[in-house]
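What follows is calculated from the coordinates using simple rules that are stated; it is not laboratory data. Here the structure is a predicted model, which is why all the values come from computation and not from measurement. Note that we place each Cβ from the backbone using ideal geometry, even for glycine, and neighbour counts take in every protein chain shown.
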Amino acid sequence: MYVCICHALNDKKVKAALDNGARTPASIFRHHSCQVQCGKCVPLMREMAAQHGGGCGSCATSPAPANSGAYEYGVAAE
Ligand code: FES
């Protein structure tokens, strides 16, 4: 299943980034040497990061950014 159409990132590629320590959409993009373009995939990436777990337990894995209202789709990559 494609998660990010702009960069052809499928769920396996997103999971690989999460397995390597990525915890935010921006870090998933960095893992694959790209950056957010349209942003439509960010909510799903954030959800996948939250479900992936593996965090330290005391830190949030992918909190909604305080300025998320400033973005066209209501999302920011961090
Ligand atoms: S679908 Fe991921 S940046 Fe456009």
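Taking amide hydrogens as placed 1.01 Å from N in the peptide plane, the amide H of Leu9 sits under 5 Å from those of Val3, Cys4, each at least 5 positions away in sequence or on another chain. Exposure proxy ranking for Arg46, Arg30, based on other Cβ atoms within 10 angstrom of each Cβ and starting from the fewest, stands as Arg30, Arg46.
Model label sites at Leu44 and Cys6, defined 7 Å from Cα along the beta-carbon direction, differ in position by 1.4 nm.
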